[in-house]
Amino acid sequence: MAITDGVVSLKHLVTMETLSNEEVLGLIERGIAFKNGKADFALDRQYFAANLFFESSTRTHKSFEVAEKKLGLDVIEFDAKTSSVNKGETLYDTILTMSALGVDICVVRHSEVDYYKELIDSRTIQTAIVNGGDGSGQHPSQCLLDLMTIYEEFGKFEDLKIAIAGDITHSRVAKSNMQILKRLGAEIFFAGPAEWYSEEFDVYGKHVSIDEIIDQVDVLMLLRVQHERHDGDGGFSKETYHNLHGLTVDRYDKLKSSAIVMHPAPVNRDVEIADRLVEAPQSRIVAQMQNGVFVRMAILEAILNGKA
């Protein structure tokens, strides 16, 4: 990983922890350049990309696909339901096959935390790995699109008050964001059920109730309640969760006029956020989805730079 003449070059992107602040800002600025039509880009040869999603996804999967096609990559179709995974093939052997076939970049989402370690340590696998989410571990491309959205709004991270609210323990988005936002100088707060918070996060910020911080934050970053990672409903009815921990209309009205609301989606409407607020003036949820394409173009370009 490196920056040369302002150009970010990556071998893989599997976690935010391996990116320097300069690389993070470089990817954000390149994403903004792609968005504004100010990025010159041309392939030096034919490149192949495959999106291997072993967990359900709409935004991440399809935005990577759109990003790949905008860059002119040839996208190889892959469906886990009809692949040799159903015959017992391991993830390692699936990626080994893709590498042998000449696939240059594999975007992978998998339920196993840190699945990528044996892939990037392999001497045989030559394909670049981009982590599209590993269990409850990391989600670097989501983190970068969140950072791009914040940077577009404020032009900085230093001294911003950012509250990450919701199902923190199970959220790979929260883990990626808390680490890099703290490093970039933001002040982090955590809100949500105490049962869904771990003391290991104390090094990054302070756990408070949403009502303690709602009128002070610059960014309210809501998290989806991950019902699939809980037994049953996680101990809360939808109405109870919304009233105690969600962004109600009353709480929205207490936000500073300059504050923005974010959510990685999919949104559980009237749970994390009131239905009528998803597209409210201070919501940036749609902007996040749009920015996902452009920051993923920047990621893929950086990977291609590494291969060149």
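When each of Arg183, Arg172 is tested for being open to solvent by 50 Å² or more (accessible area, probe 1.4 Å), within 19 Å of the chain's Cα centre (by Cα) and at negative phi, the lone residue that passes is Arg183. A residue that is surrounded by 14 or more Cβ atoms within 10 Å (Cβ to Cβ) and farther than 25 Å from Lys182 by Cβ cannot be found anywhere in the stretch 13-31. Pairing residues of the stretch 16-40 that are closer than 17 Å to Gln290 by Cβ with residues that are open to solvent by 70 Å² or more (accessible area, probe 1.4 Å) and outside any helix (DSSP H, G or I), at Cβ distances under 8 Å and at least 6 apart in sequence or on separate chains, gives no pairs at all. Restricting attention to the stretch 258-285, the residues being assigned to a loop (DSSP other than H, G, I, E, B) and in contact (Cβ under 8 Å) with a residue 24 or more places away in the chain number 15. Among the candidates Glu112, Glu158, the residue that is open to solvent by 10 Å² or more (accessible area, probe 1.4 Å) and outside the structural domain of His245 (by the TED database) is uniquely Glu112.
Reported count of residues in the stretch 136-166, each being part of a loop (DSSP other than H, G, I, E, B) and at pLDDT 95 or above, is 6.
The values are calculated or read from the model by the stated rules, or taken from the named source; none is laboratory data. These numbers were taken from a predicted model, which means no experiment stands behind them. Note that we place each Cβ from the backbone using ideal geometry, even for glycine, and neighbour counts take in every protein chain shown. We work out accessible area using only protein heavy atoms, side chains counted, and drop any ligands, DNA or RNA first. Shrake-Rupley method; radii C 1.70, N 1.55, O 1.52, S 1.80 Å.
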